[in-house]
Amino acid sequence: MEALKLELKENIIEQLNLEDMTIADIGDDDMLFGDGLGLDSIDALELIVMLDKNYGIKLTDPKEGRHIFESVNTMATYITENRSK
Amino acid sequence: MKNVYINSVGSVSAQKTTHATDFLTDIISYNETVIPAIDPVYKDFIPPAAARRMAKGIKMSIVASKLALEKAGLNNVDAIITGTGMGCLRDSEKFLSSIIDNDEAYLTPTPFIQSTHNTVGGQIALEIQCTGYNFTYVHGSNSFESALLDAKLQLELSEAQNILIGGVDEIGDYTILLNKTINHIKKEPVKSSEIINSQTKGAVFGEGANFFVVSNESNHASLARIEALELYNTLPIQSVAQRARQFLKANNLNTADVDALILGNNGDVEFDIYYDELASGDFKNAQQLVYKPWVGEFHTASAFGLVLAAIILKTQKAPREFQLNSIVSSHFKTILLYNQYRGENHSFTLLRQC
């Protein structure tokens, strides 16, 4: 799980072009959207594609995404339970 | 009809043009086949959250725009008109590569959104909250001149008072590779000072963003008056000198009235002959300057030529390194610019001292 969290942080920084951030700047429980990292709706689309491409998870319910993308912890938990690759 | 003035310029190029006081005194010489623009400190101009999705072309344009607006003492303008030959090339390459690499699946939105040619104009408008006329011209090496012509017509007819215009193009790795393959880029690196006499095919490529506030009201800071502009998609080499004479005559001038001729020579032995028609012919007694050896060739490089002309008219100084012949004018009142790329999309631009 710890390795997955690290991988997610690296991918988030790279995919979302968070040039000024390092892995150490993203806490496991930090909010990704809103007051936390301040990600927006385009970032949400990037994260959905990332789940599909890297872990074989297709998200169809937007309400589900709201909980999954809350933090690195919630993402890692969901990926561990649902990944197909 | 009203006169049209260049009231300010903002430039991001391979020279130290971001702070224009340096750029006539400290010219950088290169020995490359491709010259990237010098990155300004983008954080000084663009919030990091907004900048993270922007390609270099957009960032360069926003910096150049903000510099031009600041120097003109304006927060906003009536219109934004952009010219670009290839648009946001890096994002275009990124999403097209992504289609191939991922077998047409897993396409992310950002590169696609940012890849369109009018992204630059849109992002500038968002940055300065400009809701006025916003137009982008894409027409090879006449892209910037088309933007300039649109602005000139609107200002002459008082449809607008202050317009932000600019030309931008960025380098993309894959496009560079293609241009090298077809010999549009030189095979070997050439020193800036030796490009014009290289006698080889192709050019040294570059990138940059050059923006201007143009207005129908002049002020103490105005750099130059845009007298006239003429564009041709095609022009036989035998007609270049004649068209230049006709262009001047239409503006009640003759070749002897031109204090400096600024040419778009890029050292391509196949196409610099168009410039030679003027340099060795009617204008052989005028001071001649070239700029592409120091900023590279790109579809909107001629916008840098206009920056150069405007600053020469304002400061009455021309950079020695850009000199093509040995003639030096004692004063600069009238400057003629001529540009083309690979024998197509020719432009004549006439500037006068304010």
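Brief remarks on what is shown
- Candidate set from region B:98-130 (those that are under 18 Å from A:Glu46 (Cα atoms) and among the small types (Gly, Ala, Ser)); member that is nearest to the other protein chains (Cβ to nearest Cβ): B:Ala105
- All conditions in (1) touching a helix residue (DSSP H, G or I) at 6+ places or on another chain (Cβ under 6 Å); (2) not in a strand (DSSP E or B) hold for B:Val213, with the sole exception of (2).
- Sole exception among (1) more than 14 Å from every other protein chain (Cβ to nearest Cβ); (2) open to solvent by 60 Å² or more (accessible area, probe 1.4 Å) for A:Lys53, by number: (1)
- Subset tally (residues that are open to solvent by 10 Å² or more (accessible area, probe 1.4 Å), of a type outside the set (A, V, I, L, M) and not in a loop (DSSP other than H, G, I, E, B)) for region B:257-287: 7
- Scanning region B:42-59 for residues being open to solvent by 30 Å² or more (accessible area, probe 1.4 Å) and either at the interface with chain A (Cβ under 8 Å from one of its Cβ atoms) or on the phi > 0 side of the Ramachandran plot (or both) gives a total of 3.
- Test for B:Thr234: is it touching a residue at least 60 places away in the same chain (Cβ under 8 Å) and more than 20 Å from B:Lys292 (Cα to Cα): yes
- Every test in (1) among the small types (Gly, Ala, Ser); (2) out of contact with any Ser or Thr (no Cβ under 6 Å at 6 or more places or on another chain); (3) modelled with pLDDT of 95 or more; (4) assigned to a helix (DSSP H, G or I) is passed by B:Ser97 save one, and that test is (3).
- Near pairs, Cβ below 6 angstrom, 6+ apart or cross-chain, from region B:115-135 (over 10 Å from B:Ile62 (Cβ atoms) and in the same structural domain as B:Leu74 (by TED's automatic domain parsing)) to any residue that is acidic (Asp, Glu) and open to solvent by 20 Å² or more (accessible area, probe 1.4 Å): B:Gly132/B:Asp78
- Of the numbered criteria (1) open to solvent by 20 Å² or more (accessible area, probe 1.4 Å); (2) closer than 24 Å to B:Lys191 by Cβ, the one B:Leu231 fails is (2).
- Scoring B:Gln238 on the criteria (1) among the polar types (S, T, N, Q); (2) in contact with an Asp or Glu (Cβ under 6 Å, 6 or more places away or on another chain); (3) open to solvent by 80 Å² or more (accessible area, probe 1.4 Å) leaves a single failure, condition (2).
- For B:His299, the conditions (1) assigned to a loop (DSSP other than H, G, I, E, B); (2) touching a strand residue (DSSP E or B) at 6+ places or on another chain (Cβ under 7 Å); (3) surrounded by fewer than 20 Cβ atoms within 10 Å (Cβ to Cβ) all hold with the exception of (3).
- Filter result for A:Thr80 (away from chain B (no Cβ under 14 Å), open to solvent by 30 Å² or more (accessible area, probe 1.4 Å) and in contact with a helix residue (DSSP H, G or I) (Cβ under 7 Å, 6 or more places away or on another chain)): yes
- Filter pass, B:Leu253 being modelled with pLDDT of 95 or more and either assigned to a strand (DSSP E or B) or in the same structural domain as B:Thr33 (by TED's automatic domain parsing) (or both): no
- Scanning region B:157-193 for residues that are of a type in the set (Asp, Glu) and over 22 Å from the mean Cα position of the chain (by Cα) yields B:Glu159, B:Glu188.
- Set B:Asp91, B:Asp103: member being touching a Pro at 6+ places or on another chain (Cβ under 7 Å) and in the same structural domain as B:Gln15 (by TED's automatic domain parsing): B:Asp91
- Restricted to region B:135-159, and to residues there that are of a type in the set (A, V, I, L, M) and open to solvent by 10 Å² or more (accessible area, probe 1.4 Å), the residue that is farthest from B:Leu229 (Cα to Cα) is B:Val138.
- Taken over region B:303-325, the residue count meeting the criterion of being open to solvent by less than 10 Å² (accessible area, probe 1.4 Å) and either in a helix (DSSP H, G or I) or under 15 Å from B:Phe211 (Cα atoms) (or both) is 11.
- The lone criterion from (1) in contact (Cβ under 8 Å) with a residue 60 or more places away in the chain; (2) open to solvent by 40 Å² or more (accessible area, probe 1.4 Å); (3) more than 27 Å from B:Lys317 (Cβ to Cβ) left unmet by B:Asn31 is number (3).
The values are calculated or read from the model by the stated rules, or taken from the named source; none is laboratory data. On a predicted model such as this, the values are computed, not experimentally measured, just so you know. Glycine also receives a Cβ, built like all others from the backbone with ideal geometry; neighbour counts cover every protein chain displayed. Please note that ligands, DNA and RNA were not included when accessible areas were found on the heavy atoms of the full protein model with its side chains. Shrake-Rupley method; radii C 1.70, N 1.55, O 1.52, S 1.80 Å.
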